[in-house]
Each structure stands twice: as structure tokens, then as C-alpha cells.
Amino acid sequence: RLFDLDPDLLPLFQYNCKQFASPQECLSAPEFLDHVRKVMLVIDAAVSHLENFSCLEEYLRNLGKKHQAVGVKVESFSTVGESLLYMLEKCLGTAFSPDVQEAWSKLYGAVAKAMQRGWETLPEGD
């Protein structure tokens with residue numbers, strides 16, 4: 001769904017300087033699947049630390065800096081969030097109630113905001 005929503009994101013997923021000719025090629029690449037696993041680990045950490053989310057602040061801010069360095073735009077976080085919610089809706093079916101959708105939206109929003117703060121905290125001289 002990610003590349004359907006924003007095909008311009010495809011060039012950001014280059015592994016070992018390889019550019020993918022199509023979204024399907026990217027989606028089946030082991031490196032992309034590894035990236036998806038890493039995204040889900042971040043989501044898992046956020047869920048696991050709901051009561052003390054601030055302990056993830058520095059990690060998420062640094063993750064945001066890394067994404068900025070490779071050319072990710074802050075606006076892309078909303079596309080990723082929309083894709084995540086779509087995936088959850090497809091996987092959960094009727095269990096994806098409005099309350100569940102709101103909870104996931106809030107969680108993802110908190111992760112994205114923390115990562116976006118990585119854009120705001122640039123080193124001296126930049």
C-alpha cells in the first residue's frame with residue numbers, strides 16, 4: 001500500500017546502491033523485508049513502553065535523524081502511518097473498531113512525532 005499511496009518513496013529504498021525497477025521488486029527484496037521487520041520492532045517497543053514512552057525519545061529522535069540523512073521527508077510519516085493502519089485493518093477485520101483505530105493512530109502519531117524531533121535537533125553548525 002505504501003507505494004500505491006506515494007510512488008516517489010520507492011527510490012528511498014536502495015540497498016547496496018541497487019535501485020528497484022518496480023514496487024513489486026522492492027517488496028520482495030530480502031533487504032526490504034528486513035526493513036519492515038525493523039519498523040515492526042519500533043512499533044513493538046512503543047507498545048511495550050506505553051507507560052514510559054519517554055524512555056524511547058532519544059532512540060526515536062536519532063532514528064529520525066537517520067531517516068532525514070537518507071532523504072526521507074517528514075510528510076512521508078503520514079503515508080507510512082496510513083499504510084500501517086490499512087495493514088492493521090486488513091489483518092484484524094471486524095476487530096479493527098473505531099477505538100482500536102484511534103489507539104493505533106495515537107501510538108503511531110507519538111512515534112512519528114518523536115522521530116520528527118530528529119529533524120529539529122541538528123548538530124551545531126548545520
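Things worth noting here:
- Calculated accessible area for the chain comes out at 66 Å² per residue, all protein chains present (probe 1.4 Å; ligands, DNA, RNA ignored).
- According to the Kirkwood relation over distinct C-alpha pairs, the hydrodynamic radius of the stretch 1-68 is 13.7 Å.
- Charge dipole of the chain (Cα centre as origin; +1 on each Lys and Arg Cβ, -1 on each Asp and Glu Cβ, all else neutral): 180 debye, rounded to the nearest 20.
- Apolar share of the accessible surface for the chain: 56 percent from carbon plus sulfur atoms, 1.4 Å probe.
- Distance between the 7 Å Cα→Cβ label points at Thr94 and Arg117: 4.1 nm.
- Centre-to-centre separation between the Cα atoms of the stretch 99-114 and those of the stretch 60-85: 14 Å.
- If R0 equals 22 Å, the separation of the Cβ atoms of Val42 and Ala21 corresponds to a calculated FRET efficiency of about 0.20.
- For the chain, the longest site-free run once trypsin sites (Lys or Arg not before Pro) in DSSP loop states with at most 16 other Cβ atoms within 10 Å are removed: 2-72
- Compactness of the chain is given as radius of gyration and Dmax, 15.3, 51 Å, from Cα positions.
- Electrostatic dipole magnitude of the stretch 1-55 [Cβ: Lys, Arg +1; Asp, Glu -1; Cα centre; debye, to 20]: 120 debye
The values are calculated or read from the model by the stated rules, or taken from the named source; none is laboratory data. Model, not experiment: these values are computed from the prediction. Don't worry about glycine lacking a Cβ; one is built from the backbone with ideal geometry, like all the others, and counts go over all protein chains shown. Heads up: the accessible areas ignore ligands, DNA and RNA and are worked out on the full protein's heavy atoms, side chains in. Shrake-Rupley method; radii C 1.70, N 1.55, O 1.52, S 1.80 Å.
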